[in-house]
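Every number in this text was worked out from the coordinates using simple rules, so none of it is lab data. Please read these numbers as outputs of a predicted model, since none were measured by experiment. Heads up, the Cβs are rebuilt from the backbone with ideal geometry, glycines too, and the neighbour counts pull from every protein chain shown.
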Amino acid sequence: MRLAIKGSGYTSASKTEIEFLNQVLIVVNDQGKIEKIINQHDDDYASLLQLAKSQNKLVELSENQYFLPGFIDTHIHAPQWPNAGLALDKPLNEWLNEYTFPLEAKYQDLSFSEKVYDNLTKNLVDFGTTTAVYFGTIYPESNLVLAKMCNKNRQRGLIGQVAMDDPDMNPEYYLDKSAADSIAKTKRFIDELKQQNQTNVIKQTPVITPRFLPSCSLEALRGLANLANQYDLPIQSHCSESNWENGYALEKYGKRDATVLDECGLMNNRSIMAHGTLLNDSDLNLFETNGVTVSHCPISNVYFGDGILPVKRILNHHVNLGLGTDISGGFSPSMYDNVKQSILSSQQLQSGVDTRIDAQKRGVPDSRITAKTAFYLATVGGAKAINLPTGELKPGYLADLQIVENQPKPFQPATSDDIFENLMYATTQNDIKAVYVEGLQAK
Ligand SMILES: [Zn+2]
């Protein structure tokens, strides 16, 4: 036994429901997986509780504390962390060329990389994010530092060696020399991360990462897809994010960007495509058929998405959805903030925003999502995206969880549903009292 937790908490039961686990004992085995979840009436409850106590492995939650699965951030640009909350009043091209690319180019400096990535991974863990799917930079050595910091701060990282080789679309100082260079650096990163993992306690995963269609040649995209197949690796990119990006593919290739990515072999059940605000029905059919996940980044979308992602429509289309912070297109490292924004944005989609339009025609009916659905995206949707048994508290799943405190209001009784909703809306970094990854304490 690695750990036992005694108390109450929540796990997602479906896209619209949660399960309240009332006064249970979660037993975590030596491999970091949940062995069993039992309650006081089960035969082995007393003996396991005693065993956990005697081995000093028991964590007992206080009355106002609850356990939740750790969150999975399915889209975040690690090198942009110093810019979180900066320059969001700039148009996209200025934001990229004056703020984002110059910063990303600094990561050739490995001591700068270490300083930023140590701080970032620690911050995310402190916010209850136990797994993050990162874009790194174009520098393999720096991305290896990110992997090292994930391991140090006990976070599971899926880490992308960013590929961008089109000289017309990227600055000269921050560019892969050729498609062959993109592919060679990605291969080097994969091989060296495999070496590093031999001593990592929390294993880190390389991700095939063409930045987005406009920044890559077709030769690079095809070569990267071959690597993904050869090494059986996850893939990430951006897709149908903005009017500009969507229009770029149509103008250059006469096709939707999802179609071009698919033709290059990059759209499968290990692919995560960020944003998707402008996906149309035929794109969604492609996502559904190929099992591609959309990473919904609701804060970032307000700034750069040119629209609100219709979460409910996409879920009804049987397309998997995760949630992402998209630092620094989004300003907050907190998945709680993104849970809230996904709910707020869906409300606005439903009611509409331009009051000069008649109320009946202003919004998109049946768009509103609840906190339970947003929680599903942050946990189960994310876990499906990365094909790992996490994001749920069930036997056989990785013991990735957070312990959160919620101060009850003395003047109002609360049901377990009320408490859950309050946890989603009111939790701050300070309220997250402990975080475990594979049953190892990270906070
Ligand atoms: Zn992004």
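Counting Lys +1, Arg +1, Asp -1, Glu -1, what net charge surrounds Q65 among other residues with beta carbon under 10 Å of its beta carbon?
Net charge in that neighbourhood comes out at -3.
Rounded to whole Å, the principal axis extents of the Cα atoms in the chain read 66, 61, 38, largest first. At an R0 of 22 angstrom, the distance between the Cβ atoms of Q198 and N226 translates into a FRET efficiency of 0.30. Within 13 Å, Cβ to Cβ, of N246, how many net charges do the neighbouring residues add up to if Lys/Arg are +1 and Asp/Glu are -1? That sum, taken over residues with Cβ under 13 Å, equals -3. When the helices of the chain are scored as -39500 (n - 2.57) per DSSP H run of n ≥ 4 and the total is divided over every residue, the value at 222 nm lands at -10500 deg cm²/dmol. For the set K252/K361; K53/K372; K33/K152, the pairs lying more than 28 angstrom apart at their alpha carbons are K252/K361; K53/K372. To the nearest ten degrees, helix 335-351 and the longest principal axis of the Cα atoms of the chain are 70 degrees apart.
Using a cutoff of 8 angstrom between alpha carbon atoms and counting only pairs six or more residues apart, the relative contact order for region 329-421 works out to 19 percent. For I357 and Y425, the difference between the fully extended length at 0.36 nm per residue and the C-alpha to C-alpha distance is 21.4 nm. Compute the label zone of F112 within region 123-144: residues whose backbone N is under 20 Å from the point 7 Å along Cα-to-Cβ. Taking a point 7 Å out along Cα→Cβ of F112, the residues of region 123-144 whose backbone N falls under 20 Å are 135-144. About the centre of its Cα atoms, the chain shows a dipole size close to 740 debye [charges on the beta carbon of Lys, Arg (+1) and Asp, Glu (-1) only; nearest 20 debye].
Fully extending the segment from H318 to Q50 would add 92.0 nm, taking 0.36 nm per residue of separation and subtracting the current Cα-Cα distance. The protection proxy used here, the mean number of other Cβ atoms lying within 10 Å of each residue, ranks peptides 366-372, 298-304 as follows, highest first: 298-304, 366-372. Relative contact order, whole percent, for the chain stands at 19, derived from Cα pairs under 8 Å and 6 or more residues apart.
Work out the FRET efficiency for A184 and Q40 from their Cβ-Cβ distance, taking R0 = 45 Å, and round it to the nearest 0.05.
It comes out at approximately 0.15.
The local environment of A442, defined by Cβ-Cβ distances under 14 Å, has a net charge of +3 under the rule Lys, Arg +1 and Asp, Glu -1.
To the nearest ten degrees, helix 110-126 and the longest principal axis of the Cα atoms of the chain are 40 degrees apart. Working ranking of peptides 178-184, 129-135, 413-419 by packing, defined as the average number of other Cβ atoms within 10 Å per residue, highest first, is 129-135, 178-184, 413-419. Packing here is the average count of other Cβ atoms within 10 Å per residue, and on that basis the peptides 286-297, 185-196, highest first, run 286-297, 185-196.
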